[in-house]
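Notes for the one structure printed next.
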Amino acid sequence: MSAIKEKMALDLKEAMKNGEHFKRDVLRLLNASLKQVEVDERIVLDDDRVIGILKSALKQREDSLEAYISAGREDLADHERGEIDVILSYLPRQLEDHELKQEVVSIIQEVGASGIKDLGKVMAAAKRLAQVADGKRISAFAKELLS
């Protein structure tokens with residue numbers, strides 16, 4: 001079983017014991033998403049797959065947050081912010097901008113990229129950063145450095 005999934009299960013029990021209804025509900029939703037993938041694909045999820053599912057859930061919440069803010073629904077936006085905070089607590093620490101820039105520079109040197117035409121090579125090699133950085137951020141730094 002995934003270490004992240006185990007931690008989520010323990011935190012769910014704690015939230016239930018402590019009467020933390022919001023955290024309990026968010027963890028139940030996330031657990032249902034994980035269980036759905038396991039049942040559909042008849043597999044046991046490893047940490048990489050769990051992180052991917054959590055990132056998808058995070059992206060959904062971020063999109064909803066933007067929509068609620070633009071619609072002036074601060075009450076719903078606050079709810080989404082809370083869910084985002086819970087999800088982020090289970091994801092690996094994301095690289096800071098300067099750390100990510102250094103990683104992208106080293107990838108560019110590894111693949112011998114010399115211009116924007118080599119962006120595909122850089123992005124293919126940057127897949128190893130998927131757990132610690134968003135693809136949009138990686139792409140932005142790669143474009144900046146290759147231009």
Expressed as a percent, the accessible surface of the range 1-119 that is carbon or sulfur, using a 1.4 Å probe and the full set of protein chains, is 52
Dividing the mean separation of Cα pairs under 8 Å (6+ apart) by the residue count of the range 97-146 yields a relative contact order in percent of 47
The orientation-averaged projected area of the Cα convex hull of the chain, in nm², is 11.0
Among 21, 98, 79, the residue with the largest mean-square fluctuation in a Gaussian network model of the chain built from Cα contacts under 10 Å is 98
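Please list 101, 121 in order of solvent-accessible area, largest first, computed with a 1.4 Å probe with all protein chains present. Display every interim value, and only then the final one.
Working: 101 70, 121 115 Å².
The most accessible residue leads, giving 121, 101.
If you average the sequence gap of Cα pairs under 8 Å that are 6 or more apart and divide by the length of the range 3-89, what percent do you get for the contact order? Numbers along the way, then the final one.
Details: 51 pairs, mean separation 22.5, N = 87.
Relative contact order, the range 3-89: 26 percent.
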Computed over the Cα atoms of the range 97-146, the Rg and Dmax in Å are 9.3, 26
With all protein chains present and a 1.4 Å probe, the order of 90, 68 from largest accessible area down is 68, 90
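Express the accessible area of the chain per residue in Å², computed with a 1.4 Å probe while the remaining protein chains stay in the model.
Values: 8950 Å² over 147 residues.
Each residue of the chain exposes 61 Å² on average to a 1.4 Å probe.
The values are calculated or read from the model by the stated rules, or taken from the named source; none is laboratory data. As the structure is a prediction and not an experimental result, all values here were calculated from the model. Remember, those area values only see protein heavy atoms, side chains included, never the ligands or the DNA or RNA. Shrake-Rupley method; radii C 1.70, N 1.55, O 1.52, S 1.80 Å.
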